[in-house]
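A.B. asks: Supplied in structure tokens, the structure appears directly below.
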Amino acid sequence: MEIATPRGPARVDLDHPDGRPRYLLVITHGAGGGVDAPDIDAVCGAALKEGAAVARVTQSYRVAGRKMPGAKTEPQDEAWRAVVEALTARPEFADVPLVLSGRSNGARVACRTAAGLGAAAVVALAFPLHPPGKPERSRAAELRAAGVPTLVVNGDRDPFGVPDAADATTLAVRPGERHDLAKDPGAVAGVVVEWVARHVA
């Protein structure tokens, strides 16, 4: 389905579990990627099996045909907030805990908007701590600003860096994984659903 945002329509693929959802997972892609990335696909499948409703969000800039969201963060956050607010307003999600998630750039968006959207938790896949080769341009402040329990899953070979454990509730570093977390996405998904089960009612 499409959801209107101030920055144009976004596309949402929404899957429901049998019965009332344990939580609503709203997850989005990296800057130039899609919601079919291996780690996203695995996490969504595992969460659905655990009784979550899962909304995969293709952001408005990608629907419009652009490869990158642009340097300014507010337009992307504004569109993302509109999507999440439309989803949480649906009757079937009344009083259902909200978990925001994304990979790479999408993880940054989830962290920046979590507190304002009333999220119960954030799952950050391959959080891009800094541009490759530029550790002085740290984005750790975005991670710390989430304001809710936050899981970060990064590979130990990620050229975008690995956040400090002190900047998240839980940091899971996957050995041998790079930025795409594609070596063992099933293991990534297992870490995510187990953590969410412990941190979200």
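The values are calculated or read from the model by the stated rules, or taken from the named source; none is laboratory data. Note that the structure is predicted; figures quoted are calculated from it, not measured. Every residue, glycine among them, receives a Cβ derived from its backbone with ideal geometry; neighbour counts consider all protein chains shown. When the accessible area is computed, the model is the full protein with side chains, heavy atoms only, and any ligands, DNA or RNA have been set aside. Shrake-Rupley method; radii C 1.70, N 1.55, O 1.52, S 1.80 Å.
A.B. asks: Kindly indicate whether GLU136 is open to solvent by 50 Å² or more (accessible area, probe 1.4 Å), acidic (Asp, Glu) and outside any helix (DSSP H, G or I).
C.D. replies: The answer is yes for GLU136.
A.B. asks: Can you run down the residue pairs with Cβ atoms below 6 Å, 6 or more apart or on separate chains, where the first is in region 38-54 and within 15 Å of GLU92 (Cβ to Cβ) and the partner is aliphatic (A, V, I, L, M) and open to solvent by 20 Å² or more (accessible area, probe 1.4 Å)?
C.D. replies: VAL54/LEU48
A.B. asks: Please count how many residues of region 73-92 are under 14 Å from ARG112 (Cβ atoms), out of contact with any Pro (no Cβ under 9 Å at 6 or more places or on another chain) and of a type in the set (Asp, Glu).
C.D. replies: Within region 73-92, residues that are under 14 Å from ARG112 (Cβ atoms), out of contact with any Pro (no Cβ under 9 Å at 6 or more places or on another chain) and of a type in the set (Asp, Glu) number 2.
A.B. asks: Which condition breaks for GLY70 when tested against (1) part of a helix (DSSP H, G or I); (2) farther than 24 Å from PRO149 by Cα; (3) without any contact (Cβ under 8 Å) to a residue 24 or more places away in the chain?
C.D. replies: GLY70 satisfies all of (1) part of a helix (DSSP H, G or I); (2) farther than 24 Å from PRO149 by Cα; (3) without any contact (Cβ under 8 Å) to a residue 24 or more places away in the chain except (1).
A.B. asks: From the list ASP164, ASP158, ASP180, which residue is out of contact with any Gly (no Cβ under 9 Å at 6 or more places or on another chain) and surrounded by fewer than 21 Cβ atoms within 10 Å (Cβ to Cβ)?
C.D. replies: Of ASP164, ASP158, ASP180, the one residue that is out of contact with any Gly (no Cβ under 9 Å at 6 or more places or on another chain) and surrounded by fewer than 21 Cβ atoms within 10 Å (Cβ to Cβ) is ASP164.
A.B. asks: Could you list, in sequence order, all residues of region 3-19 that are touching a helix residue (DSSP H, G or I) at 6+ places or on another chain (Cβ under 8 Å) and open to solvent by 60 Å² or more (accessible area, probe 1.4 Å)?
C.D. replies: ALA4, PRO6, ARG7, ARG11, ASP15, HIS16
A.B. asks: Right, here's the next one. Among the residues of region 144-159, write down those that are in contact with a strand residue (DSSP E or B) (Cβ under 8 Å, 6 or more places away or on another chain) and in a loop (DSSP other than H, G, I, E, B).
C.D. replies: ALA146, VAL148, PRO149, ASP156
A.B. asks: Restricting to region 87-116, give me the number of residues that are polar (S, T, N, Q) and either open to solvent by 40 Å² or more (accessible area, probe 1.4 Å) or in a loop (DSSP other than H, G, I, E, B) (or both).
C.D. replies: Residues in region 87-116 being polar (S, T, N, Q) and either open to solvent by 40 Å² or more (accessible area, probe 1.4 Å) or in a loop (DSSP other than H, G, I, E, B) (or both): 2 in total.
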